[in-house]
Amino acid sequence: MTTLMTRAAAGLAAVLSLLLAGGLPLPVHAATVPAADDAASSLTTLAERSGLRQTGRYDEVIRLCDAFAQQFPQAVRCERFGTTPEGRPMLALIVSARGAFTPEAAQQLQLPVMLIQGGIHAGEIDGKDAGFIALRQALRRRDTTLQRQVLVFVPVFNVDGHERFGAWNRPNQVGPEQMGWRTTAQNFNLNRDYVKADAPEMQAMLRLIQRWDPLITVDLHVTDGAKFEHDVSITLEPLYSGDAALRDAGRALRDEIIGQLRRKGSLPLPFYPSFDVEDDPMSGFTDGVSPPRYSSGYFVQRNRFGVLVETHSWKDYATRVRVTTQTIDALLAIHARQGAAWQPLARAADARAASTLAGQPVALSYKASERSRIIEFRGYEYTRTPSTVSGALMTRYDDRKPQIWRVPLRDDVQVDRQVTAPRRGYVVPAASAALVAAKLDLHGLQYTIVDAAQSAAPVQTFRATQTRFSPQTFEGHTTLSVDGQWQNEARDIPAGSLIVPIAQPRARLLMTLLEPQSEDSLLAWGFFNGAYEPKEYLEAYVAEDIARQMLDADPALADAFQQRVASDAAFAADPQARLAFFARRAPSWDERLGLYPVYRLD
């Protein structure tokens with residue numbers, strides 16, 4: 001009896017080892033049990049020990065980080081790269097079978113670096129458990145995969161959010177039994193923070209990225225949304241955006257990941273499956289390029305690959321961890337094989353950005369055109385009927401009945417907004433220099449500091465002709481959009497100002513930060529709102545006297561005023577608008593109001 005049980009356990013262990021390694025597909029709702037030899041190992045996770053029903057707390061990450069380093073001292077280091085606002089360590093496992101545990105060592109050995117992060121949204125925690133499983137398997141295989149690259153694995157990015165543990169933190173997600181929270185302890189959504197970098201966690205991550213300069217960064221998520229059969233989406237840039245010569249490599253990377261997942265039994269998608277019309281399957285889907293506030297839109301600005309992995313929230317935790325593990329396996333294999341060839345492509349993109357973008361049109365945003373094509377999408381039967389709760393038309397899915405949906409996909413992605421890059425760069429006057437320099441430093445952007453003041457320097461300035469502040473805050477900011485254009489002007493440049501050259505490898509990222517009409521510029525995030533707030537004013541009786549003096553002294557102005565009164569009834573009926581007509585033309589008017597506090601050198 002004992003012999004039979006031992007043989008059965010050994011057979012089960014062998015089968016499950018193949019399943020986790022991707023050799024066999026797991027049934028969609030099957031739970032995975034750890035192999036027998038791993039059950040007592042210090043490298044297994046609570047997820048595995050619970051049959052992939054639970055996930056561990058952050059003390060498990062701390063334990064595993066140390067345990068991997070102790071059991072594989074020649075290949076793994078556990079590194080603390082930051083501290084959260086609540087005082088928790090931010091940890092990364094540095095993995096290299098050739099002992100390249102520093103960026104300098106990786107550069108000396110010419111090894112490509114891949115960064116994989118889990119738990120940026122800590123309720124979507126598949127990547128943490130899958131990452132530890134995939135890493136353990138890769139280390140035990142002892143093949144050449146980890147000899148030809150460096151892996152920087154951050155199991156949990158949003159550590160404080162991870163410890164806000166609860167069973168109902170993701171009600172539209174099947175498992176684990178409890179999970180973390182979407183945002184940080186300061187209520188920042190880290191996947192909106194890559195450019196503005198408000199959160200201490202993001203600042204620590206950007207310093208890690210700056211040190212290692214990963215060729216590929218992988219962000220592991222779980223979707224929200226409708227019910228359907230597809231279990232994962234793989235999207236990345238550069239594909240539609242960024243350096244044109246990198247796009248072919250980006251498409252090849254995406255297609256190979258998808259191909260490997262299909263061969264292992266998954267149903268991957270090459271676009272994020274969010275309906276064009278919320279809750280309406282027949283509205284179809286639109287592909288596009290994420291703004292650089294997101295991980296998937298940020299790394300292309302650095303001439304590197306950014307991969308977004310989104311398992312489907314309505315698949316159970318066992319299925320999602322399996323698919324994520326297989327995705328990491330595929331990425332490790334592809335990066336080991338192709339990374340060395342892609343490194344010179346990335347360096348060439350850096351050189352092109354530094355040498356050819358000046359004075360040329362550069363895209364700030366993208367969108368899909370109205371062109372669409374019909375695709376076959378694997379959904380479920382559904383009904384759309386009025387709700388007695390909300391009163392709205394609601395969709396109800398029957399996930400026992402698969403159904404092919406023939407729906408439109410808009411994936412003809414084109415440039416939406418572009419501007420001509422300055423020929424020389426930007427000037428940040430001294431008053432804003434400290435704020436801007438801190439952001440430039442986080443992103444690894446180059447600048448110099450002006451030693452001696454310059455008077456009446458020829459620059460380009462941007463004056464807002466219209467401003468629109470958001471009616472409510474977003475990520476803690478009152479955002480701003482402006483109309484206007486650059487124009488030639490002479491301005492004083494005080495000592496302590498910054499000169500920021502356009503001729504640098506991350507010129508696209510620089511323009512994202514400093515072009516006022518970029519949707520993720522410092523201006524758009526509200527860092528310069530004070531420049532658009534009137535501070536000095538005239539009492540009405542003073543403005544009245546000044547207006548009469550101006551009318552008497554300037555017949556042309558008097559004619560313009562009378563024409564405006566005669567042609568604009570709203571203006572004529574508004575005493576404040578009539579006085580403002582003169583206040584804006586009076587010598588006391590603040591000429592800096594609406595002046596963007598960054599100039600261009602052309």
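Among the residues of segment 319-347, those identified as surrounded by fewer than 17 Cβ atoms within 10 Å (Cβ to Cβ) and either among the basic types (Lys, Arg) or outside the structural domain of GLN149 (by TED's automatic domain parsing) (or both) are ARG337, ARG347.
ASP38 meets all of the listed conditions (1) surrounded by 15 or more Cβ atoms within 10 Å (Cβ to Cβ); (2) more than 20 Å from ASP160 (Cβ to Cβ); (3) at pLDDT 95 or above but one, namely (3). Selection of segment 73-103 for residues being charged (D, E, K, R) and either at pLDDT below 95 or part of a loop (DSSP other than H, G, I, E, B) (or both) yields GLU86, ARG88, ARG98.
In this structure, ALA354 does satisfy being among the small types (Gly, Ala, Ser), surrounded by fewer than 20 Cβ atoms within 10 Å (Cβ to Cβ) and either more than 27 Å from ASP255 (Cβ to Cβ) or touching a Phe, Trp or Tyr at 6+ places or on another chain (Cβ under 7 Å) (or both). The test for being over 20 Å from VAL300 (Cβ atoms), at pLDDT 95 or above and part of a strand (DSSP E or B) does not hold for THR325.
Those residues that are of a type in the set (Ser, Thr, Tyr) and either touching a helix residue (DSSP H, G or I) at 6+ places or on another chain (Cβ under 9 Å) or in the same structural domain as ILE374 (by TED's automatic domain parsing) (or both), I need them from segment 273-292; list them, please. Steps first, please.
As a first pass, look at segment 273-292 and keep what is of a type in the set (Ser, Thr, Tyr): 274, 283, 286, 290.
Across segment 273-292, the qualifying residue is only SER290.
Can you name every residue in segment 417-471 that is free of Cβ contacts under 8 Å to residues at least 40 places away in the same chain and acidic (Asp, Glu)? Scanning segment 417-471 gives a single hit, ASP441. Only a single criterion out of (1) basic (Lys, Arg); (2) touching a strand residue (DSSP E or B) at 6+ places or on another chain (Cβ under 9 Å); (3) part of a helix (DSSP H, G or I) is not satisfied by LYS315, namely (3). Of the helices (runs of 4 or more DSSP H) lying entirely inside segment 495-602, those containing at least 2 residues that are surrounded by 15 or more Cβ atoms within 10 Å (Cβ to Cβ) span 507-514, 540-553, 555-567, 575-583. Taking the criterion of being in a loop (DSSP other than H, G, I, E, B) and charged (D, E, K, R), would at least one residue in segment 230-237 satisfy it? Yes, some residue in segment 230-237 is in a loop (DSSP other than H, G, I, E, B) and charged (D, E, K, R). Going by the conditions given, is ARG337 within 30 Å of PHE153 (Cβ to Cβ), in a helix (DSSP H, G or I) and not hydroxyl-bearing (Ser, Thr, Tyr)? So ARG337 passes the test. When ALA531 is tested against (1) modelled with pLDDT under 90; (2) of a type outside the set (S, T, N, Q); (3) more than 30 Å from ALA346 (Cα to Cα), only condition (1) is not met. All conditions but one from (1) on the phi < 0 side of the Ramachandran plot; (2) buried (at least 18 other Cβ atoms within 10 Å of the Cβ); (3) not basic (Lys, Arg) apply to GLY175; the one that does not is (1).
No other residue among GLN414, GLN403 is over 30 Å from LEU595 (Cβ atoms), in contact (Cβ under 8 Å) with a residue 12 or more places away in the chain and surrounded by fewer than 14 Cβ atoms within 10 Å (Cβ to Cβ) apart from GLN414. Kindly provide the set of residues from segment 78-128 that are acidic (Asp, Glu) and surrounded by fewer than 21 Cβ atoms within 10 Å (Cβ to Cβ), ordered by number. Passing the criteria: GLU79, GLU86, GLU104.
Sub-9 Å Cβ pairs linking a first residue in segment 353-375 that is assigned to a strand (DSSP E or B) and of a type in the set (Phe, Trp, Tyr) to a second residue that is at pLDDT 95 or above and buried (at least 17 other Cβ atoms within 10 Å of the Cβ), at least 6 apart or interchain, are TYR366/TYR240; TYR366/SER241; TYR366/GLY288; TYR366/VAL289; TYR366/VAL413, ordered by first then second residue.
Restricting the first member to segment 484-495 and to residues that are at positive phi, and the second to residues that are surrounded by 12 or more Cβ atoms within 10 Å (Cβ to Cβ) and in a strand (DSSP E or B), the beta-carbon pairs closer than 7 Å and six or more apart or on different chains are GLY484/PHE462; GLY484/ARG463; GLY484/ALA464. Within segment 244-259, the set of residues being out of contact with any Ser or Thr (no Cβ under 7 Å at 6 or more places or on another chain) and surrounded by 21 or more Cβ atoms within 10 Å (Cβ to Cβ) comprises LEU246, GLY250, LEU253.
This table checks each residue for (1) more than 19 Å from ALA524 (Cβ to Cβ); (2) modelled with pLDDT of 95 or more; (3) hydrophobic (A, V, I, L, M, F, W, C).
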{"residue": "VAL415", "(1), (2), (3)": "no, yes, yes"}
{"residue": "ALA421", "(1), (2), (3)": "no, yes, yes"}
{"residue": "ALA431", "(1), (2), (3)": "yes, yes, yes"}
{"residue": "ALA434", "(1), (2), (3)": "yes, yes, yes"}
{"residue": "GLN454", "(1), (2), (3)": "yes, yes, no"}
{"residue": "ARG468", "(1), (2), (3)": "no, yes, no"}
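Filter segment 263-297 down to the residues that are closer than 16 Å to GLU376 by Cα and either β-branched (Val, Ile, Thr) or without any contact (Cβ under 8 Å) to a residue 24 or more places away in the chain (or both) and list them by number. Answer for segment 263-297, where residues must be closer than 16 Å to GLU376 by Cα and either β-branched (Val, Ile, Thr) or without any contact (Cβ under 8 Å) to a residue 24 or more places away in the chain (or both): just THR286.
For segment 445-452, the criterion of being over 30 Å from ASN303 (Cβ atoms), more than 26 Å from the chain's Cα centre (by Cα), in a loop (DSSP other than H, G, I, E, B) and modelled with pLDDT of 95 or more is met by at least one residue. Applying the set (1) surrounded by 14 or more Cβ atoms within 10 Å (Cβ to Cβ); (2) of a type outside the set (Gly, Ala, Ser); (3) at pLDDT 95 or above to THR473 leaves exactly one unmet item: (1). Residue under question is VAL542, and the condition is that it be among the β-branched types (Val, Ile, Thr) and more than 30 Å from ASN191 (Cβ to Cβ); does it hold? Taking the combined requirement at face value, the residue satisfies it. The set of residues in segment 260-287 that are on the phi > 0 side of the Ramachandran plot and either in contact with a strand residue (DSSP E or B) (Cβ under 9 Å, 6 or more places away or on another chain) or surrounded by 20 or more Cβ atoms within 10 Å (Cβ to Cβ) (or both) comprises ASP279, GLY284.
The values are calculated or read from the model by the stated rules, or taken from the named source; none is laboratory data. Only a predicted model underlies this, so the values are computations on that prediction, with no experimental measurement involved. Using ideal geometry, Cβ is built from the backbone for each residue, glycine included, and neighbour counts are taken over all protein chains shown.
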